[in-house]
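Q: Sharing a structure here in structure tokens format.
Values in this text are rule-based calculations from the coordinates and carry no lab data. The model shown is predicted, which means the values in this text are computed figures rather than measured ones. Quick reminder, even Gly has a Cβ in these numbers, built from the backbone with ideal geometry, and neighbours come from all protein chains shown.
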Amino acid sequence: MPSIPSAKHPREKDLMITTLPRASDARVRRLAATLYAYTFLDDFTLLYPLYALLFADTGLSTAEISSLLAIWSLTSLVMEIPSGAWADTVSRRLLLVLAPLLAGAGYALWFLVPSYGAFAAGFVLWGTAGALQSGALEALVYTELEREGAVGRYAGIMGRARALGTGAVMAATALAVPLFAAGGYSLVGVASVLVCLVCAAVAAAFPEHRTRRSHRGTGGRDGDPAPDARDRASGPDAPDALDVPDRDRAPGSDARDRDGGPGGDAEDRDDGTGEDAEPSSPRAYLGMLRAGLREARGDRAVRRALLLVPAVAALWGALEEYVPLLAAGTGVATETVPLLVLLVSAGVAAGGFLAAAGSRLTSRGLAVLLAVGAVALGAGAAAGNALGFFAIAAAFCVFQTATVLADVRLQNTIAGPARATVTSVAGLATDVASLGVYGGYAAASAVAGHGVIFALSAVPYLLIALFLASRRDSGRSRRGPGRNRGDSGRSRRDPG
């Protein structure tokens with residue numbers, strides 16, 4: 001009969017101690033691999049570089065094409081927060097499976113029945129797909145890493161995922177040309193739908209461990225955040241969201257205890273749906289929506305971290321759309337423009353890979369990073385030649401890294417059950433800010449060239465850097481539900 005591991009059997013006890021971290025590390029690697037495959041396939045949109053040509057060849061006017069893009073943007077804005085609350089109420093994995101299926105259905109409409117109505121319906125489906133993913137993906141990955149005691153790896157994993165997404169766009173653009181030459185829009189459309197189906201299958205492989213407490217919170221009513229989270233929002237020692245240090249987690253620590261791991265009392269589930277033990281209902285959904293909006297609005301630390309996301313991401317994300325025009329404005333040959341755009345895209349991809357290296361930065365460190373990016377952007381744009389694009393690529397590299405780190409800081413501050421909802425609020429704010437940038441760029445283009453506009457765009461980043469530099473590193477961490485104020489000196493996240 002096998003012996004029971006105990007203090008009297010040190011070898012078996014040591015085996016248990018070393019096996020648990022190894023098993024946890026293997027689960028983290030599987031999660032990361034699934035995320036990388038999903039992100040690559042999701043951004044491998046073969047129709048993306050050709051859909052405007054498809055619309056024009058079908059006979060649509062420029063005004064009609066612009067209205068389709070407006071429908072796309074409006075759908076994303078309207079669906080952003082409701083989809084986040086849905087992800088928190090039911091299953092984040094389910095939404096990640098549905099998203100590429102909706103996008104694939106939209107692509108199928110485009111090449112099966114090419115018409116304005118089909119194009120509009122396709123954009124509604126595509127916009128809804130993006131909204132379903134926004135918030136749900138970050139929340140699922142963060143929650144699973146927290147369960148494994150590996151939240152310190154979130155920056156590196158998400159950064160590499162974003163880099164792979166950028167690479168997927170570049171690869172899809174390159175592959176779309178020979179596919180179109182071989183079979184026209186129909187072949188490109190069929191290939192795009194097949195990629196979506198594979199992406200949905202990959203999404204089904206995501207782990208998802210949901211708990212009864214994760215849906216009900218600890219405040220007593222469905223969807224209410226923990227009382228401690230509300231206390232931190234208004235208490236005299238509320239931490240600075242811009243200076244949240246990484247939590248110190250180890251496999252089997254209190255993060256897993258709260259999720260039903262060893263020593264915990266919550267029910268740990270992986271039943272394929274990720275749903276709460278109680279049936280989903282409109283009341284549960286509305287409760288989760290209220291909880292997310294309450295935490296985003298009422299928790300000072302979360303609110304600051306949330307506002308940092310659009311402050312960093314919106315401007316450079318919108319400017320990226322104008323890089324080809326900036327390149328053409330330098331006077332280079334037309335065939336050189338794609339190479340300069342490729343150089344900037346490579347910088348964006350590099351920024352994702354470098355995010356892990358910046359995960360230890362304090363607010364002042366992030367301020368220095370943004371200042372360096374601002375100087376590089378201004379100098380590269382002012383150069384007015386092809387060499388300046390090396391500096392612009394470096395600037396976009398910095399901004400991508402800063403965007404990932406801003407997301408990390410937001411995830412670190414969220415303490416309630418509505419993680420996807422709060423993250424979706426940040427996504428909505430970024431989308432709205434991006435629309436403002438587009439409008440501002442359009443107005444500025446009437447009186448200034450692209451180089452001047454890009455150079456002036458460095459100023460907001462300098463102002464953000466000055467604000468971050470003025471924040472005093474508090475050294476205090478966010479505390480999970482049930483922690484006493486006397487425990488606040490403990491670091492909450494593993495910086496490695």
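Q: Would you work out which of 142, 165, 123 lies farthest towards the positive end of the dipole of segment 117-177, given +1 charges on the beta-carbon of Lys and Arg and -1 on that of Asp and Glu, about the Cα centre?
A: 165
Q: Mind grabbing the base-10 log of I(q)/I(0) for segment 10-210 at q = 0.11 Å⁻¹? Debye formula, identical points on the C-alpha positions, no solvent, two decimal places.
A: Evaluating at q = 0.11 Å⁻¹ gives log10 I(q)/I(0) of -0.56.
Q: Using a simple charge model, +1 on the beta-carbon of Lys and Arg, -1 on the beta-carbon of Asp and Glu, nothing else, what dipole does segment 10-210 show about its Cα centre, in debye to the nearest 20?
A: Roughly 620 debye for segment 10-210.
Q: While we're on this one: Calculate the spin-label point distance for residue 333 paired with residue 77, positioning each point 7 Å from the Cα along the beta-carbon direction, and give it in nanometres.
A: Calculated label separation equals 4.3 nm.
Q: Using a Förster radius of 56 Å, what is the FRET efficiency between residue 22 and residue 283 based on their Cβ-Cβ separation? Nearest 0.05, please.
A: It comes out at approximately 0.85.
Q: Could you grab the Rg to Rh ratio for segment 299-470? Cα atoms only, Kirkwood for Rh.
A: 0.99
Q: Another one. Rank 101, 35, 183 by how far each Cα sits towards the positive end of the charge dipole of segment 10-210 (+1 on Lys, Arg Cβ; -1 on Asp, Glu Cβ) and give me just the farthest.
A: 35
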